[in-house]
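Please treat every number below as a calculation from the coordinates, not as lab data. Since we're looking at a predicted model, the values are computed, not measured. Cβ placement follows ideal geometry from the backbone for every residue including glycine, while neighbour counts extend to all protein chains displayed.
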Amino acid sequence: MKKPLIAGNWKMFKTIREAVNLVQTIKAGIYKITDCQIVICPPFTALAGLSPILADSPLELGAQNMHPENEGAYTGEISPLMIKEVGCRYVILGHSERRQYFKEDDIFINEKVKTALRYSLIPILCVGETLDQRNARQQHEAVKLQFEQSLKDLTKEDILKTVIAYEPVWAIGTGKTATPEQAEQMQSYIRRLLKEKYGDEIAGKVLILYGGSVKPDNIGELIKKPNIDGALVGGASLKAESFIQIVMNATKALEAEAAR
Ligand code: PEP
């Protein structure tokens, strides 16, 4: 069975001191958890300080973005080498806020995904439709295009080292979660795209997360769905109690499912 993955995307929140406090509380709250992969993605400035604190815990470190080159004259950017050096194993790529506010397109995101894999970083690739696309019933086309272009040229070995996060843009930071049925419907579609490209066995092994207003009270129903392998959590990962509760509720729901 796949181990679920819960990742916290802190966005542009938390100073170094705040980040250390938050991680210490989360670490104390989840030290017994062994059946869930837990990833924290703080701002770049907090990565180096958090790395030693996470070393003796089940928590792993991720960055929220990176540039596709390993060095160069790219003022204000961070390279894969730099995030690796401070202990990151994961990197979020193609988040809708990067697409929307920083005009990142699928071709650029694809370069980043390929570079991440070259540096043995696990990309958490975000895809998801806007509200206008859903209202126009174009959500499948939108996600398919992002899937095809952002994951272009990835081999079977590459896709096994990649995590996909379905994040409908209309559900991010809005308090409006996709229903478990809506999320499952799109995530089974993503699984189908994976099967068509890589075959059933490989497609079955790829983790597909759901993201969009995940909270302690909705994670249980979401994670029980067969194609929801975990969650990418924004707002609710900024408070230790809610993030810990999300992890606990996810593992409890999966245990209950397994016992049925
Ligand atoms: C996100 O930023 O990836 C996200 C899912 O945010 P939120 O949980 O706040 O909707």
Computed label-point distance, nm, for sites LEU145 and GLU221 using a 7 Å Cα→Cβ extension:
3.1
Please give every one of the lysines within straight-line cross-link reach of LYS239, meaning a C-alpha to C-alpha distance under 23 Å, and leave out same-chain neighbours fewer than 8 residues apart.
LYS11, LYS14, LYS27, LYS32, LYS176, LYS215, LYS252
Test item: Cα-centred dipole of the stretch 1-115, Lys/Arg +1 and Asp/Glu -1 on Cβ, debye:
420
Log10 I(q)/I(0) at q = 0.11, 0.15 Å⁻¹ for the chain, from Debye over equal alpha-carbon scatterers, is -0.55, -1.08
Shape descriptors of the stretch 1-129 over alpha-carbon atoms, Rg and Dmax in angstrom, are 14.6, 44
At 24 angstrom or more along the helix axis (alpha-carbon based) and mean Kyte-Doolittle of -1.0 or higher, what helices does the chain contain? Whole DSSP H runs only.
240-259
Rounded to two decimals, what is Rg over Rh for the stretch 182-260 when you use alpha-carbon atoms and the Kirkwood radius?
1.02
Once the dipole of the chain is set up from charges on Cβ (+1 Lys and Arg, -1 Asp and Glu), the residue from the list ALA256, ALA183, LEU22 lying farthest towards its positive end is ALA256
Positive dipole terminus of the chain, leading residue within LEU125, VAL206, MET82 (C-beta point charges):
VAL206
Using 0.36 nm per residue of separation minus the Cα-Cα distance, give me the extension gain between GLU85 and ALA73 in nm, one decimal.
2.4 nm
Note on the stretch 5-259: contact order normalised by length, alpha-carbon pairs under 8 Å, 6 or more apart, percent, works out to 19
At q = 0.12, 0.23, 0.29 1/Å the base-10 log of I(q)/I(0) from the Debye formula over the alpha-carbon atoms of the stretch 47-113 is -0.34, -1.01, -1.28
Taking the Cα centre of the chain as origin, work out the dipole magnitude from +1 charges on Lys and Arg Cβ and -1 charges on Asp and Glu Cβ, in debye rounded to 20.
380
Simple SL model, points at 7 angstrom along Cα→Cβ for LYS32 and LEU160; separation in nm is 3.5
Treat each spin label as a single point 7 Å out from the Cα along the C-beta direction, and report the ARG118 to ASP200 distance in nm.
3.6
List the relative contact order of the stretch 16-125 as a percent without decimals, with contacts defined as Cα pairs under 8 Å and 6+ residues apart.
23
Only Lys, Arg (+1) and Asp, Glu (-1) charged, at Cβ; the stretch 173-260 dipole about Cα centre in debye:
140
Can you work out the base-10 log of I(q)/I(0) for the stretch 180-219 at q = 0.16 1/Å, using the Debye formula on its C-alpha atoms alone?
-0.45
What per residue convex hull volume, in Å³, do the alpha-carbon atoms of the stretch 1-62 yield?
73
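Between LYS103 and ARG137, what's the calculated FRET efficiency when r is the beta-carbon distance and R0 is 25 Å? Round to 0.05.
Working: r = 26 Å, r/R0 = 1.03.
Working from the Cβ atoms, E equals 0.45.
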Only counting other Cβ atoms within 10 Å, I'd like ASP200, ASP229 sorted with the fewest neighbours first.
ASP200, ASP229
By per-residue mean of other Cβ atoms within 10 Å, what is the highest-first order of 216-223, 114-121, 133-140?
216-223, 114-121, 133-140
